[in-house]
Amino acid sequence: MKDAASTIVPVFRKTFITYRGVMTASLEVTCDGVYEASLNGERVGEFILAPGWTQYNKRLQVQCYDITDMLMEENTLDIIVGNGWFRRTNAPWTGTKNPDEFLPAMLIAVIHIIYADGSEEVIPTDESWQVSESTITLSGIFIGEDVDMTKEPVFEPAQITDYPKNILIPQEGPQVREQEHIYPRRSFRTPKNEWVLDFGQNMTGYMYFEMDAHAGERLSLSTAEVLDKDGNFYTGNYRSARSQLHYTCSEGHQAYKPKLTFFGFRYLRIDEAPKGFSADNIHAIVLHSEMTRTGWLASSDPMLNQLFSNILWGQKGNYLDIPTDCPQRDERYGWTGDGQIFCRAASYQYDVRKFFRKWLADMRAAQHENGWVPEVIPSLTAYKPGGAAWSDAVTIIPWQLYETYGDVSFISDMYDAMKKWLAYIPTVSTSPELFTGCWTYGDWLALDWPEGYVHENIELSKRGRSNDDLICSAFYANSVNIVIRIGKILGRDVSGYEDLYKRIKEAYRKTFGDKLDTQTEKVLTLHFDLAENAQHVADALADQIRDCGMQLQTGLLGTPYLLHELSRYGYSDIAWSLLLRKEYPGWLYSVSKGATTVWEHWDGIKPDGTFWDDDMNSYNHYAYASVADWVFGVACGIKPAAPGFARVRIEPHPDKRLASLGAVFDTVYGRLSSGWKYTEDGIRYEIETPVETEIILNGMSRTVQKGKYIFAV
């Protein structure tokens, strides 16, 4: 059934009677947007923003709720349907950018009742359902929500329409739910005399308020992540995302929280409020997908601990049904590049198996027939084909999940998609052995061009100076290598891929081997084992970092591997210098500026308090939060020696500039921990393992079985 254009937020209603005793009852429901269902005035289920975001033209999730205990003799089921991710101006299935021409709201539902006498009743969405405009007068993922509680519904028969049922699937991903409640830390007036509440934490979620008011009074709220250098409310980085709530009150006591949208924010501006409204009337509710916490980091340095907190909040804020790049501006895409960059760190901090299983299914659904994997999943817009490092998420993420959890289904489910991607590359490459001449985002946001540098009308400062052909070819080699390893595990013939890998490696060394210029070019060559003399490349990388003032210059593609390769080749001291750097560019710079999540840009707020720019300046972006996997895997030394951590290798890399550091990680086999602390006599290591583990301290190796161990070195 359907109704009205996207500026209308309809509520569908079904009234029904249950005369006999009910044994069980369920509601199955989905829509082409997001919905909230209520039965007899009570919310059905805890899933926020159901049915979630999938590759809508091929996959639409259906939720099933147990409503047995909610039934009465006379029942009213109301389901509000908002635009959600489905009807947004850049969604290709709408076929339009004109809101008045969007596809209408659609609802599919069925109530299934089994009575105590064994009889059954099925109530589908049919001509007996009614529809009305709801009290929500405007809703959207970027818009926020407008509500008029004085509005009375006027119901009329709903229209019936055909909708493809073959795309309907059971719920696959974890539900998005309310997770935490956060209260304002301060209420203040800005220099512009605007009333602002500070929640002390950049988050993803919405606000809840409870108050007394008169009918027609309004509460209007605007959201922001940061204040400007003068302390004023700043929303420039939201771009076209309105991100506001406008609530017209009914008479008397009332409470409300948004039903069909979410916000990325730390600050709320009270633009209008009923008389007597105060900060005590409102708080924030944090949303993210249901995930079990599995990893913890703690150190002796408060700033480093704040960074660990920022990394965790970045994952919570961006794991909202899909792994988004940011939760606040008019984007919030499932960028594959960001997804693969952060995947290892993500799998340390939370159990992300169910989360990624659903997203990878959408990746398979979105993959083009020619093998190209779009840069954002679910796919919204056809960007320039190619996408090395972004499209390579098709190999990198499943392999990482297999390494973390030991579940073969992650790699077996994706193996054909991986091969399709590898088969696509030669069809667009200008080189027979490498991946050249094709579009890529390059080492996005690298710091090796001067800021604002433009060449031939192209702003290169966002792309970095690294050779695009080298980047594409390095990731090509890595994906082929992954497919070889997976093929052997699955018992497939990989001889053709082995021959291809040899040819790629030889061509790479011949083409790029003596022309490694940028930090990222060196890092990728090392990380993907493409160097002819790896130690020579690592030495040159270390010299380059020292020569530019002990600073990194890497972007999205080089940064995740930078500290790993420095430590791998004997330069852990430099890796620690980069991690502990408090000046720009450095991980602790944003902490020094009061950040509570990881920024998109190292200097999202510059030393003088001005902003990098308005166009692309998220303050909740987890790409650079990937450094957490170095802290877990190198600084604390926790690495799998077998898939799923069935066996473990622990080789910590302590540094005297930090008195202590510890990591805890709940593997599928049990709790694993590794910590070290400097004492008067040396270093004390405390290790707990649930499986056979090789422990390497000061170059000496020993193998231990399950248990807790203390070593003084």
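Things worth noting here:
- Among the residues listed as Asp614, Asp629, Asp603, the single one being more than 27 Å from His527 (Cα to Cα) and in the same structural domain as Leu579 (by TED's automatic domain parsing): Asp614
- Leading residue by the ranking (nearest to the chain's Cα centre (by Cα)) among those in region 286-323 that are among the polar types (S, T, N, Q) and farther than 18 Å from Phe665 by Cβ: Asn318
- Glu583 assigned to a loop (DSSP other than H, G, I, E, B) and in the same structural domain as Val408 (by TED's automatic domain parsing): yes
- Among residues of region 556-593 being in contact with a helix residue (DSSP H, G or I) (Cβ under 9 Å, 6 or more places away or on another chain) and among the basic types (Lys, Arg), the one that is farthest from Ile311 (Cα to Cα) is Arg568.
- Pick from region 634-691, criterion in a helix (DSSP H, G or I) and of a type in the set (A, V, I, L, M, F, W, C), ranking: surrounded by the fewest Cβ atoms within 10 Å (Cβ to Cβ): Val634
- Candidates Ile482, Ile486: the one that is of a type in the set (A, V, I, L, M, F, W, C), farther than 21 Å from Thr436 by Cβ and under 26 Å from the mean Cα position of the chain (by Cα) is Ile486.
- Unmet criterion (only one of (1) touching a Pro at 6+ places or on another chain (Cβ under 8 Å); (2) of a type outside the set (Val, Ile, Thr); (3) modelled with pLDDT under 95) for Pro385: (1)
Okay, residues lined up against (1) polar (S, T, N, Q); (2) in contact with a strand residue (DSSP E or B) (Cβ under 9 Å, 6 or more places away or on another chain); (3) assigned by TED's automatic domain parsing to the domain that holds Asn318; (4) in contact (Cβ under 8 Å) with a residue 60 or more places away in the chain:
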residue: Arg357; (1), (2), (3), (4): no, no, yes, yes
residue: Asn370; (1), (2), (3), (4): yes, no, yes, no
residue: Val376; (1), (2), (3), (4): no, yes, yes, no
residue: Trp390; (1), (2), (3), (4): no, yes, yes, no
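- Some residue of region 514-522 being part of a loop (DSSP other than H, G, I, E, B), in contact with a Gly (Cβ under 8 Å, 6 or more places away or on another chain), at pLDDT below 95 and surrounded by 18 or more Cβ atoms within 10 Å (Cβ to Cβ): no
- All positions within region 140-172 that are under 20 Å from Leu49 (Cα atoms) and out of contact with any strand residue (DSSP E or B) (no Cβ under 7 Å at 6 or more places or on another chain): Gly140, Ile141, Phe142, Ile143
- Restricting attention to region 679-713, the residues being touching a Lys or Arg at 6+ places or on another chain (Cβ under 6 Å) and more than 16 Å from Arg647 (Cα to Cα) number 2.
- Beta carbons closer than 8 Å, at least 6 apart along the sequence or on distinct chains, pair a first residue in region 409-437 that is over 26 Å from Leu490 (Cβ atoms) with a second that is among the aromatic types (Phe, Trp, Tyr) for Ser429/Phe435; Leu434/Tyr476; Leu434/Tyr508.
- Some residue of region 519-526 being under 30 Å from Pro585 (Cα atoms) and among the acidic types (Asp, Glu): yes
- Qualifying residue in region 301-308 (condition: polar (S, T, N, Q), in a helix (DSSP H, G or I) and surrounded by fewer than 20 Cβ atoms within 10 Å (Cβ to Cβ)): yes
- Failed item, numbered, when Trp53 is tested on (1) in contact with an Asp or Glu (Cβ under 6 Å, 6 or more places away or on another chain); (2) under 22 Å from Ser132 (Cβ atoms): (2)
- Only listed residue being more than 11 Å from Gly637 (Cα to Cα), touching a residue at least 60 places away in the same chain (Cβ under 8 Å) and outside the structural domain of Ile574 (by TED's automatic domain parsing), chosen from Val668, Val691, Val704: Val668
- Pairing each residue of region 558-576 that is within 21 Å of Ala446 (Cα to Cα) and outside the structural domain of Tyr624 (by TED's automatic domain parsing) with any residue that is of a type in the set (Gly, Ala, Ser) and modelled with pLDDT of 95 or more, provided the two are 6+ apart or on different chains, yields no C-beta distance under 7 Å.
- Search result, residues across region 579-597 that are under 23 Å from the mean Cα position of the chain (by Cα) and buried (at least 18 other Cβ atoms within 10 Å of the Cβ): Leu579, Gly586, Trp587, Leu588, Tyr589, Ser590, Val591, Ala595, Thr596, Thr597
- Residues in region 257-285 that are crowded, with 19+ Cβ neighbours inside 10 Å, touching a Ser or Thr at 6+ places or on another chain (Cβ under 7 Å) and either in a loop (DSSP other than H, G, I, E, B) or of a type in the set (A, V, I, L, M) (or both): 4 in all.
- The strands (runs of 3 or more DSSP E) falling completely within region 154-256 that include 3 or more residues that are surrounded by 15 or more Cβ atoms within 10 Å (Cβ to Cβ), hydroxyl-bearing (Ser, Thr, Tyr) and not assigned by TED's automatic domain parsing to the domain that holds Cys326 map to 195-213, 218-224.
Condition check ((1) within 21 Å of Gly558 (Cα to Cα); (2) aliphatic (A, V, I, L, M); (3) touching a Lys or Arg at 6+ places or on another chain (Cβ under 7 Å)) across all residues:
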| site | (1), (2), (3) |
| --- | --- |
| Ser590 | yes, no, no |
| Ala595 | no, yes, no |
| Trp602 | yes, no, no |
| Pro607 | no, no, no |
| Phe611 | no, no, no |
| Asn620 | yes, no, no |
| Ala625 | yes, yes, no |
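The values are calculated or read from the model by the stated rules, or taken from the named source; none is laboratory data. Everything numeric here is computed off the predicted structure, so don't read it as measured data. Don't worry about glycine lacking a Cβ; one is built from the backbone with ideal geometry, like all the others, and counts go over all protein chains shown.
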